[in-house]
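The values are calculated or read from the model by the stated rules, or taken from the named source; none is laboratory data. Everything numeric in this text was worked out from a predicted model, so none of it was measured. Counting neighbours? That spans all protein chains shown, and the Cβs are built from the backbone with ideal geometry, glycine included.
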């Protein structure tokens, strides 16, 4: 059984149709890249999987671990192992990263019927995972994303992903606005977390990220539909020819 | 209509009603009971020339100190209240705490006049708690006048925590001389009708006032903050940060008046009032009022009324945090920066805890307090269906 199965998904926002029949299957351990020009539904697809309710799913279904994902609230999807790395991580003044993570981990544990994580264990986990993205202690003590640079925000996303150890990670334009050093750190963070059980969806419109994280599949999302699927070579082809050539395909 | 009885002098056995403790924080306690200074059992036998007594005693024994303050008719002996005098060059490292207990069996009218003088080059931290210990009706009218002499500093913490049937009107006047520094942390936690009139007058140069306030109101509660800052002298800085969360049908009013006199050049005055409404029945009326009579000033003001940030809610929930916990975290974070400049860490911890519990709908008073708020306190929660 596949981990995630999206069948004929239609979705609109305020009456405007954005996804027009998306089909996508992801198996355990796979890395999928979704590429495509801006405004064609990539971020919408990510947000719908994570459970953002500003979108109306008008048709189709999403099956995750055999469950109807669309019936679960956002937090239950997270507890079931879905993680969304935001394109624009939100600043939350007054909530420290450690308090934020502790609450998230313990609420996920509560969902699974587990006791809260002991403080010592939590602190150890923080220390361990901070290293993956080379996060400084100073940064970890600050409010979530408040006053962070673009690179720091993206590092923080990967740090949270490492802390929560999701089954399916969706990274929405994690490479945008990153300089080459930050990109390297973020990519090696993602690679360090790859396992035969965990799957990843990378949303990007540059091939650059895929030099660091090698995908098993590349899909092109164009005008609300996946119009082409291929290997990592497809990304190179897109980079060379641009998205324009898709129109003539 | 209730007929109110005037408060009378407390008896010695009333002392049992004082049982407030702030863990890990050592304070000198001063007891006030229905407005009266409780003569006995005060911790206030501090030396260093510090005077703590009733206002009437002060009028008789310390005329010399009071006279040039132009306070009130010294021959009038009807006033109740406390007199605190910190002499020059005194750094009182332990905070003073005035615990004002309100207790009555019948509708009670309370009036008090407190006077605090912080001498030149002196430092004081003063904590004032207004607590009602039962659910009976009272109506308090308190006035407090506080003088900060040259080069002095005061950190002033005020906690208002009275029952839903009672009113408390507090008239607070700060007079700041040269180079003095004032910080206030004003928490209106519970009360039927709370009205705070706060006046800061800069009567010297190079002084600074940081006024921080937080109000958490629900049910039918009413809170009104009227702040006036008079920049009567040049080179002074004032900063107001008032925040509130309103639930149910609660109402809040904020009036922030800044007055900058013609010759008060290099004035900096900031004002910020931010509110979160959890229902569409709650009402906030916020009114900045800047009166500026010269050009060489820096004045800013801002007011916001809104709901909790939806994008932050989604972000938190996408990490597995439930909707309710996410709301709590956001509300708590919203409140917390009001205390960011407080230096008494132990008290700050306690206040953060009190705020947290108040938001969860638990008793907002300290654990050891005898406040018997029988009426279940409502929890602060957003009912999105009620917001249009």
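Scanning the range A:160-177 for residues that are away from every other protein chain (no Cβ under 12 Å), in contact (Cβ under 8 Å) with a residue 40 or more places away in the chain and surrounded by 20 or more Cβ atoms within 10 Å (Cβ to Cβ) gives A:168, A:171, A:173, A:174.
Do we have any residue at all in the range B:77-85 that's free of Cβ contacts under 8 Å to residues at least 12 places away in the same chain and either over 24 Å from residue B:353 (Cα atoms) or buried (at least 21 other Cβ atoms within 10 Å of the Cβ) (or both)?
Restricting attention to the range B:77-85, the residues satisfying the condition of being free of Cβ contacts under 8 Å to residues at least 12 places away in the same chain are B:78.
Those left that are additionally either over 24 Å from residue B:353 (Cα atoms) or buried (at least 21 other Cβ atoms within 10 Å of the Cβ) (or both): B:78.
Among the residues of the range B:77-85, at least one is free of Cβ contacts under 8 Å to residues at least 12 places away in the same chain and either over 24 Å from residue B:353 (Cα atoms) or buried (at least 21 other Cβ atoms within 10 Å of the Cβ) (or both), which makes the answer yes.
Go through the range B:182-195 and report how many residues are closer than 21 Å to residue B:348 by Cβ and out of contact with any helix residue (DSSP H, G or I) (no Cβ under 7 Å at 6 or more places or on another chain). So the answer is 6.
Residues in the range B:299-333 that are surrounded by fewer than 16 Cβ atoms within 10 Å (Cβ to Cβ), out of contact with any strand residue (DSSP E or B) (no Cβ under 9 Å at 6 or more places or on another chain) and more than 7 Å from chain A (Cβ to nearest Cβ): 2 in all.
Across the range B:213-229, the number of residues qualifying as part of a strand (DSSP E or B) and out of contact with any strand residue (DSSP E or B) (no Cβ under 8 Å at 6 or more places or on another chain) comes to 0.
Which of the residues that make up the range A:45-61 are away from every other protein chain (no Cβ under 14 Å) and within 15 Å of the chain's Cα centre (by Cα)? So that I can check it myself, show each step before the final result.
First pass over the range A:45-61, keeping only residues away from every other protein chain (no Cβ under 14 Å): A:45, A:56-61.
Within the range A:45-61, just A:45 meets the criteria.
The residue of the range B:230-260 that is nearest to residue B:183 (Cα to Cα), among those that are in contact with a strand residue (DSSP E or B) (Cβ under 6 Å, 6 or more places away or on another chain) and not in a strand (DSSP E or B), is B:236.
Condition test on residue B:146, is it within 23 Å of residue B:340 (Cβ to Cβ) and touching a residue at least 24 places away in the same chain (Cβ under 8 Å)?
The answer is yes for residue B:146.
The number of residues in the range B:58-104 that are assigned to a loop (DSSP other than H, G, I, E, B) and either at pLDDT below 90 or within 25 Å of the chain's Cα centre (by Cα) (or both) comes to 23. Applying the selection to the range A:48-68, what residues are in contact (Cβ under 8 Å) with a residue 40 or more places away in the chain and closer than 19 Å to residue A:201 by Cα? A:49, A:50, A:61, A:62, A:63, A:64, A:65, A:66 - these are the residues of the range A:48-68 that are in contact (Cβ under 8 Å) with a residue 40 or more places away in the chain and closer than 19 Å to residue A:201 by Cα. Return yes when residue A:124 is part of a helix (DSSP H, G or I) and under 21 Å from residue A:192 (Cα atoms) and no when it is not. Yes. The residues of the range A:87-113 that are facing chain B (nearest Cβ under 8 Å), in contact with a strand residue (DSSP E or B) (Cβ under 6 Å, 6 or more places away or on another chain) and surrounded by 22 or more Cβ atoms within 10 Å (Cβ to Cβ), listed by number, are A:92, A:95, A:100. Any idea which residue in the range B:334-349 is nearest to the other protein chains (Cβ to nearest Cβ), counting only those that are crowded, with 19+ Cβ neighbours inside 10 Å and in a helix (DSSP H, G or I)? Across the range B:334-349, the extreme among qualifying residues is B:336.
Let me confirm something: among B:142, B:136, which residue is closer than 20 Å to residue B:5 by Cβ and not in a strand (DSSP E or B)?
Values: B:142 fails: not in a strand (DSSP E or B).
Going through B:142, B:136 in turn, the sole match is B:136.
Per the conditions (1) closer than 24 Å to residue A:154 by Cβ; (2) free of Cβ contacts under 8 Å to residues at least 24 places away in the same chain, the sole criterion not satisfied by residue A:230 is (1). Scanning the range B:286-298 turns up one or more residues that are surrounded by 15 or more Cβ atoms within 10 Å (Cβ to Cβ), touching a strand residue (DSSP E or B) at 6+ places or on another chain (Cβ under 8 Å), assigned to a loop (DSSP other than H, G, I, E, B) and more than 14 Å from every other protein chain (Cβ to nearest Cβ).
For the range A:21-32, the criterion of being in contact with a helix residue (DSSP H, G or I) (Cβ under 7 Å, 6 or more places away or on another chain), farther than 15 Å from residue A:227 by Cα, surrounded by 21 or more Cβ atoms within 10 Å (Cβ to Cβ) and touching a residue at least 24 places away in the same chain (Cβ under 8 Å) is satisfied by no residue at all. Filtered by the rule that a residue be within 20 Å of residue B:207 (Cα to Cα) and surrounded by fewer than 23 Cβ atoms within 10 Å (Cβ to Cβ), the range B:123-146 gives B:123, B:125, B:145, B:146. Screening residue A:78 on (1) touching a strand residue (DSSP E or B) at 6+ places or on another chain (Cβ under 7 Å); (2) within 13 Å of chain B (Cβ to nearest Cβ) shows it passes everything except condition (1).
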